[in-house]
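Values quoted throughout were computed directly from the atomic coordinates according to the rules given, and no laboratory measurement underlies them. These numbers were taken from a predicted model, which means no experiment stands behind them. Reconstructed Cβ throughout: ideal geometry from the backbone, glycine too, with neighbour counts over all protein chains shown.
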Amino acid sequence: MNDFERRIRECTGLPLKSDDIEILQVNVGFRCNQRCAHCHLEASSEKKEMMEWDTMKLILDTAREVKPKLVDITGGAPELNPFLRTFIEALKRNDHNIQVRSNLTVLEHPGMEELMDFFRDTEVKLVASLPCHTKEGVDAVRGDGVFEASIRVLKLLNNIGYGTNQRLQLDLVYNPGGAFLPPEQSSLETKYHEELSSNFGIIFNNLLTLTNMPIGRFRELLIQKNQHSKYLRLLKETFNSQTINRVMCRHQINVSPNGKLYDCDYNLALGYPVDSKLPSHIHDFDPSIHSKREIVTGNHCFGCTTGQGSSCEGALVKKESFESEKAGGFNIEDMFPALCEISREG
């Protein structure tokens with residue numbers, strides 16, 4: 001039994017279990033035009049894993065059966081999958097709500113010229129990664145020139161209605177660049193709105209804050225800087241029991257590029273499929289058992305239950321639920337940097 005599972009049992013008396021499937025998360029490939037320092041999948045342009053159409057057809061069958069509230073398409077850069085448009089069109093014919101997670105800059109690549117219009121026409125919700133509202137903060141994590149390219153794409157998205165038309169939702173995602181927790185979500189969202197609007201005229205809907213998991217490239221970075229143990233301690237000692245019922249794995253299932261089933265994209269990155277007692281491929285998906293399964297956990301899961309909590313939909317609980325807590329002698333508030341420029345440090 002790992003430390004996270006032990007902590008859950010201390011709080012609830014039970015192992016962590018799923019409670020229905022509201023989100024069908026589909027990772028369509030690990031290939032990406034960026035090589036981000038915090039990427040849990042270690043995605044890059046060299047990655048070969050890419051979902052084929054036959055697997056997508058099985059997912060379409062599953063979606064018809066489960067009727068999830070949302071089909072969440074992620075990667076890598078999902079735009080690089082050659083079947084993405086066909087997949088989205090098929091999902092729309094079945095009246096599914098769809099969101100695509102984008103790194104923005106991929107939309108400037110040759111061959112992507114019409115993809116933004118396609119997203120608009122199919123009313124796909126976009127969740128775009130922008131780990132800081134400054135050039136220095138973004139480029140430090142994602143590479144030189146990424147911030148300026150991201151701003152250009154965001155302006156184009158605004159021009160076609162994203163962020164301004166209520167049917168075209170545009171959310172942004174913040175990740176810390178170092179071994180600290182995200183700032184309080186609503187306060188940072190206000191800062192993003194102010195900075196992006198005043199400096200670039202950019203409008204968006206919501207900001208989602210995500211805690212970096214100590215896996216993938218971020219784990220390697222922590223080890224290089226001798227911060228791995230300290231970061232794990234931070235995650236454990238800022239555990240917030242009020243996040244347990246809302247962690248994303250309880251309400252979703254993840255499908256990998258080869259069709260294997262996982263509780264979340266982090267477990268996919270670590271190679272931890274769903275409970276070994278259950279079928280582990282989309283071909284054998286059974287909603288009667290997969291929707292009420294025991295979640296496979298590891299100590300990385302503390303990343304989802306720290307502070308305000310962290311999920312693919314952002315923070316899980318409001319600031320008031322943790323602001324007065326103490327953890328191992330730490331003042332919780334001291335762990336939330338006020339500005340994302342701090343992401344360049346450490």
For the stretch 114-214, listing GluC sites (Glu not before Pro) in a DSSP loop whose Cβ sees at most 16 other Cβ atoms within 10 Å gives 114, 123
Sorted by average packing, counted as other Cβ atoms within 10 angstrom per residue and highest first, what order do 243-250, 295-302, 205-212 take? 205-212, 295-302, 243-250
Taking Cα pairs closer than 8 Å and at least 6 residues apart, the relative contact order of the stretch 3-344 in percent is 23 percent
Through the Karplus equation 6.51 cos²θ - 1.76 cosθ + 1.60, θ set to phi - 60°, convert the phi angles of the stretch 29-35 into ³J(HN,Hα) values in whole Hz; use x for Gly and Pro. x, 8, 5, 8, 7, 10, 9
Using the alpha-carbon centroid of each, what span in Å lies between the stretch 65-108 and the stretch 168-194? 23 Å
DSSP bridge orientation in the stretch 29-184 - percent antiparallel, rounded to nearest 5: 10 percent
Using the Karplus curve 6.51 cos²θ - 1.76 cosθ + 1.60 with θ = phi - 60°, work out ³J(HN,Hα) for each residue of the stretch 163-173 in order, rounded to whole Hz, and write x for Gly and Pro. x, 10, 8, 4, 8, 10, 7, 10, 10, 10, 10
Highest mean first, how do 258-265, 61-68 rank when packing is the count of other Cβ atoms within 10 Å averaged over residues? 258-265, 61-68
May I ask you to list the trypsin sites (Lys or Arg not before Pro) in the stretch 145-201 that are in a DSSP loop and have at most 13 other Cβ atoms within 10 Å of their Cβ? 167
What is the distance, in nm, between label points placed 7 Å from the Cα along the Cα-to-Cβ direction at residue 122 and at residue 195? 3.2 nm
Going Cα to Cα from residue 230, which lysines come in below 21 Å? Please leave out same-chain ones fewer than 8 positions away. 326
So how do 253, 59, 160 line up by other beta-carbon neighbours within 10 Å, fewest first? 160, 59, 253
Non-local amide H neighbours of residue 98 (under 5 Å, H modeled in plane, Pro and chain starts lacking H): which ones? 71, 125
As a test, work out the antiparallel percent of DSSP beta bridges whose residues both lie in the chain, rounded to the nearest 5. 30 percent
Please give the residues of the stretch 284-305, grouped as numeric ranges, whose backbone N is less than 18 Å from a label point set 7 Å along the Cα-to-Cβ vector of residue 17. 286-297
Can you sort 288, 18 so the residue with the fewest Cβ neighbours within 10 Å comes first? 288, 18
Putting +1 on Lys and Arg Cβ atoms and -1 on Asp and Glu Cβ atoms, find which of 143, 211, 81 reaches farthest to the positive end of the dipole of the stretch 80-217. 81
Using alpha-carbon coordinates alone, the radius of gyration and Dmax of the stretch 140-249 in Å work out to 16.7, 46
State which entries of 48/260; 191/318; 67/155; 48/125 exceed 23 angstrom in Cα-Cα distance in the structure shown. 67/155; 48/125
Going Cα to Cα from residue 92, which aspartates and glutamates come in below 14 Å? Please leave out same-chain ones fewer than 8 positions away. 61, 72, 121, 123
Using the count of nearby Cβ atoms within 10 Å as a rough guide to exposure, how do 141, 127, 28 rank from fewest to most? 127, 141, 28
So in the stretch 1-104, what percent of DSSP beta bridges are antiparallel if you round to the nearest 5? 10 percent
Quick check: net charge around residue 46, other residues with Cβ under 15 Å of its Cβ, Lys/Arg +1 and Asp/Glu -1? +3
How about residue 225: which lysines have a C-alpha closer than 21 Å to its C-alpha, ignoring those fewer than 8 places off in the same chain? 236
Which of the following values of Cα Rg over 2.2 N^0.38 Å was calculated from the structure shown: (1) 1.55; (2) 0.95; (3) 1.06? (2)
Pairs of Cα atoms farther than 20 Å apart, the stretch 1-141, %: 56 percent
